[in-house]
There are 2 protein chains.
Amino acid sequence: MTGNLHRPTIGVFDSGVGGLTVLRAIARLAPNANYLFFGDTARLPYGTKSQEFVARYSSAAARFLAERGIDLLVIGCNTASALALYDIKSAVSIPVIGVIEPGADAAAAISQSREAVVFATEATCASHAYQRALARRGFATHEKACPLLVPLVEEGWIDTPVTEQVARIYTIEALRTASSNVDVLVLGCTHYPLLRPLLRRVVPQRIEIVDSAEATACSLLQFLRGHDLTAGAPTYKFFVTDSVEKFRKQAPVFLGLDVELSTLEDVQRADLDATR
Amino acid sequence: MTGNLHRPTIGVFDSGVGGLTVLRAIARLAPNANYLFFGDTARLPYGTKSQEFVARYSSAAARFLAERGIDLLVIGCNTASALALYDIKSAVSIPVIGVIEPGADAAAAISQSREAVVFATEATCASHAYQRALARRGFATHEKACPLLVPLVEEGWIDTPVTEQVARIYTIEALRTASSNVDVLVLGCTHYPLLRPLLRRVVPQRIEIVDSAEATACSLLQFLRGHDLTAGAPTYKFFVTDSVEKFRKQAPVFLGLDVELSTLEDVQRADLDATR
């Protein structure tokens, strides 16, 4: 896409609220755009489900957003990016960006040793999507499923001794099979950036922590080059498949303090069962 | 139901695998029956979802089982029993038994002080179904949402220091508003019986722990009086909405060691989207 084009409408999709960390990173880098966010809160979490269901639900969500005129779709969900990128690309005719490739790029940009650890959901780890993406960049990768981190974040236990203990156990287990050369940890789930300060204390200092949200925002700018995305104010529309009230309550912690409260004015229920 | 009737077919429904603790208790007490179990594993967990979705999913599952000729349906899921009992009863024409009333009966049978604590999911607590059921039996009730216990059990951290710490935090928070007269703790989620030995160490000794599975089995016997349920061997059929393999892997820990491996021979995928 080149030339002086219209102000784009960008779709961001997640199984729930975690993808709001991706939306936040994108909107900060590209404020001159309209954003439609879709959170499949009635069927979350995807991280423990099978490929077939993740593909089915994600494709339905992608079609829902495509029908509302988005120019580009960002899959702000590692599990859907890992398990269903091709299904989603087949379901819609607009460009689709996942978070795995940008995450792997971000790791490649800072690693010297080419040995990485990835923390992700059970389903993302089982797919080995990060392992393959990082192998193409010359990495040996140690994937570690961390299924308790999402519920801990959702419970709001962002910085508690229990969460630290869980993070410590996962870190020890992840590093057990690794060499001492590991110099990068990829946060392969959009919930995990909220645990970054805690993880920074737990993970050895030689290991840099990267999350894919900012790398994904850079990918998006490349895709939409020609648009002037940097000046202007974003607009937001949110669609969720379960309770609007619950989403309004959970969203601010993921969107962060720099997003104004008016951001969450337009939240609607979407019935994906009926639109599939 | 009275008289010397045919060998009954009993449906047990849960959002996932937790209801297997109920199936186990029932089949132990009433082995002379055919059991159909339905686990809505593609949409679990229900405990964090809204009433509307729990009612919609549960009713679809109830219809699925009713179409397969069950004589009676046991809702082996506290969240569905709390939020959707009337929706489920409206959806099918067979008798339906939830776990809340039997659980309240079990508490009433052993409590002297009539002051109880209930551990349950977020959705079950928000519905106050246990509070109401226990109030009808003269109880003051302290409900405590314990959203981390399900993921801890599913992760297999049945008896770890982290789980003990989480249980301790929940127990302290639950008892903070209670008087020292509390003498019963109701496990209001079918995952929690697996944590019973750990909870027994954490919860003050004066407090008895009850789970509703056995009480539900007694209710069922009353409903099916006239049938001789006690002599014979049960048959099992399982339906799940997500991966059969994953269910086969998770089920044994919930069914317990006294259930033979052949029990899990007949597990089928059910597409609830198509049958709704």
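For the stretch B:1-103, which fully contained strands (runs of 3 or more DSSP E) count at least 3 residues that are within 14 Å of chain A (Cβ to nearest Cβ), in contact with a Lys or Arg (Cβ under 8 Å, 6 or more places away or on another chain) and farther than 20 Å from residue B:189 by Cα? Working first, answer last.
Details: elements: B:9-14, B:34-39, B:72-75.
Qualifying strands (runs of 3 or more DSSP E): none found.
Checking each residue in the stretch A:108-148 for being in contact with a strand residue (DSSP E or B) (Cβ under 7 Å, 6 or more places away or on another chain), within 13 Å of chain B (Cβ to nearest Cβ) and buried (at least 22 other Cβ atoms within 10 Å of the Cβ) picks out A:121, A:145, A:146.
So for the stretch B:84-94 (the condition being within 23 Å of residue B:148 (Cα to Cα), buried (at least 24 other Cβ atoms within 10 Å of the Cβ) and at pLDDT 95 or above), does at least one residue qualify? Show your work before the answer.
Of the stretch B:84-94, the ones within 23 Å of residue B:148 (Cα to Cα) are B:84.
With buried (at least 24 other Cβ atoms within 10 Å of the Cβ) added as a condition, the list becomes B:84.
Remaining after also requiring at pLDDT 95 or above: B:84.
The answer is yes, given that some residue of the stretch B:84-94 is within 23 Å of residue B:148 (Cα to Cα), buried (at least 24 other Cβ atoms within 10 Å of the Cβ) and at pLDDT 95 or above.
Could you check, for the stretch B:4-17, whether at least one of its residues is of a type in the set (D, E, K, R) and free of Cβ contacts under 8 Å to residues at least 12 places away in the same chain? The answer is no; no qualifying residue exists. Within the stretch B:52-59, not a single residue is in contact (Cβ under 8 Å) with a residue 24 or more places away in the chain, over 16 Å from the mean Cα position of the chain (by Cα), surrounded by fewer than 24 Cβ atoms within 10 Å (Cβ to Cβ) and not assigned by TED's automatic domain parsing to the domain that holds residue B:21. Of all the criteria given as (1) touching a helix residue (DSSP H, G or I) at 6+ places or on another chain (Cβ under 7 Å); (2) under 20 Å from residue A:83 (Cα atoms); (3) acidic (Asp, Glu), the one not satisfied by residue A:164 is (2). What's the number of the condition residue B:85 fails, among (1) more than 14 Å from residue B:216 (Cβ to Cβ); (2) aliphatic (A, V, I, L, M); (3) assigned by TED's automatic domain parsing to the domain that holds residue B:44? Against the list (1) more than 14 Å from residue B:216 (Cβ to Cβ); (2) aliphatic (A, V, I, L, M); (3) assigned by TED's automatic domain parsing to the domain that holds residue B:44, residue B:85 comes up short only on (1).
Inspection of the stretch B:16-32 finds a residue satisfying the criterion of being of a type in the set (Ser, Thr, Tyr), under 22 Å from residue B:268 (Cα atoms) and not assigned by TED's automatic domain parsing to the domain that holds residue B:154.
The rows are residues; the columns are (1) more than 18 Å from residue A:22 (Cβ to Cβ); (2) without any contact (Cβ under 8 Å) to a residue 40 or more places away in the chain; (3) polar (S, T, N, Q).
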{"site": "A:195", "(1), (2), (3)": "no, no, no"}
{"site": "A:208", "(1), (2), (3)": "yes, no, no"}
{"site": "A:212", "(1), (2), (3)": "no, no, yes"}
{"site": "A:222", "(1), (2), (3)": "no, yes, yes"}
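Do we have any residue at all in the stretch B:176-189 that's without any contact (Cβ under 8 Å) to a residue 40 or more places away in the chain and among the charged types (D, E, K, R)? Yes, there is a match, as at least one residue in the stretch B:176-189 is without any contact (Cβ under 8 Å) to a residue 40 or more places away in the chain and among the charged types (D, E, K, R). Mind checking whether some residue in the stretch A:150-161 is crowded, with 24+ Cβ neighbours inside 10 Å, within 12 Å of chain B (Cβ to nearest Cβ) and either within 20 Å of residue A:207 (Cβ to Cβ) or among the charged types (D, E, K, R) (or both)? No, that holds for no residue. Evaluation of residue B:72 against the conditions (1) modelled with pLDDT under 95; (2) within 20 Å of residue B:213 (Cα to Cα); (3) among the hydrophobic types (A, V, I, L, M, F, W, C) shows that the sole unmet condition is (1). For the stretch B:240-249, the condition of being hydroxyl-bearing (Ser, Thr, Tyr), within 14 Å of chain A (Cβ to nearest Cβ) and at negative phi holds for at least one residue. Among the criteria (1) within 29 Å of residue B:58 (Cβ to Cβ); (2) in contact (Cβ under 8 Å) with a residue 60 or more places away in the chain, the one residue B:263 does not fulfil is (2). Considering the conditions (1) among the acidic types (Asp, Glu); (2) surrounded by 21 or more Cβ atoms within 10 Å (Cβ to Cβ); (3) free of Cβ contacts under 8 Å to residues at least 60 places away in the same chain; (4) within 14 Å of another protein chain (Cβ to nearest Cβ), residue A:173 is excluded by exactly one of them, (2).
Within the stretch B:182-231, being among the charged types (D, E, K, R), under 30 Å from residue B:5 (Cα atoms) and more than 12 Å from the chain's Cα centre (by Cα) holds for B:225, B:228.
The values are calculated or read from the model by the stated rules, or taken from the named source; none is laboratory data. Computed from a prediction, not measured in an experiment: that's the story for all the values here. Every residue, glycine among them, receives a Cβ derived from its backbone with ideal geometry; neighbour counts consider all protein chains shown.
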